[in-house]
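The values are calculated or read from the model by the stated rules, or taken from the named source; none is laboratory data. As the structure is a prediction and not an experimental result, all values here were calculated from the model. Cβ placement follows ideal geometry from the backbone for every residue including glycine, while neighbour counts extend to all protein chains displayed.
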Amino acid sequence: PNTASEADLLRLGLPKWTVKSILNYCAKGGIFRKKEDLKKIYTLDEEDYTRLEPYIMLSQTAAVEEAQRPVTYSGGNLTTAVPKLSVKGPLDINRASLEDWQRLPGIGEKRARQLVNFRESLGGFLSVEQVAETNGLPDSVFQKIKPMLTLNFPEVRKLNLNAASFDDLDKHPYISAKQARLIVAYRDQHGAFASVDDLLKIATFSDKKWLEKVRPYLDIR
């Protein structure tokens, strides 16, 4: 994927928008060091990744870099040390791996995992400020790392209001369990949503600020 052309990727049966995302990622200096890095592309669905995974070929450069990283001895186990970021450029919050986050000051493995988990449950960041919403991230740490963050790929996974289950909706950080139940109940009673704005027809959904916040993560496909 690091050297594939647009034609190569299209021949693999990938949608045009996914191909564009991969090419944009590489054009901005992104490198796929291991197969799983392709999952950073939010427009690549799990089915396509599973289909292509056996055929993904990467150079040995990444493996060499990994082997050369220092190790530390902790609790009876050898672990690979994650060097703190020598800032060569801002960290793209929608592409950063667990290891990338740990290179930022004040971010250890636990906080890095919280950041990645929040991004995954959210479906992707649309602004740097959303990073501050991560559970367990002190504002002092966010303010310290904020100048080191950027968003080159404001792409998100969307929930289909007409197909998402209660569990799918409830997992989203911006949708409470009560709201998820009401959405499913309304859909069962009234049929498919014609637009995201139809959420305001649900009796307790009168908060337009909430709707504008969650709207980018919803559609009615």
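Considering the conditions (1) touching a helix residue (DSSP H, G or I) at 6+ places or on another chain (Cβ under 9 Å); (2) hydrophobic (A, V, I, L, M, F, W, C); (3) not assigned by TED's automatic domain parsing to the domain that holds ASP92, ALA163 is excluded by exactly one of them, (1). Contact annotation: residue pairs with Cβ atoms under 6 Å, 6 or more positions apart or on different chains, pairing a residue in the stretch 12-31 that is within 22 Å of PRO54 (Cβ to Cβ) and of a type outside the set (S, T, N, Q) with a partner that is at pLDDT below 85 and not in a loop (DSSP other than H, G, I, E, B), are VAL19/GLU6; VAL19/LEU9; VAL19/LEU10. When residues in the stretch 3-17 are screened for being within 20 Å of the chain's Cα centre (by Cα) and surrounded by 13 or more Cβ atoms within 10 Å (Cβ to Cβ), 2 of them pass. Residues of the stretch 183-200 that are closer than 14 Å to LEU218 by Cα and among the acidic types (Asp, Glu): ASP197, ASP198. Could you check, for the stretch 136-146, whether at least one of its residues is free of Cβ contacts under 8 Å to residues at least 40 places away in the same chain, closer than 26 Å to ARG33 by Cα and not assigned by TED's automatic domain parsing to the domain that holds GLU36? Looking through the stretch 136-146, at least one residue is free of Cβ contacts under 8 Å to residues at least 40 places away in the same chain, closer than 26 Å to ARG33 by Cα and not assigned by TED's automatic domain parsing to the domain that holds GLU36. Of all residues in the stretch 191-221, those satisfying the criterion of being closer than 17 Å to ASP170 by Cβ and either within 22 Å of the chain's Cα centre (by Cα) or not β-branched (Val, Ile, Thr) (or both) are LEU199, PHE205, TRP210, LYS213, VAL214, TYR217, LEU218.
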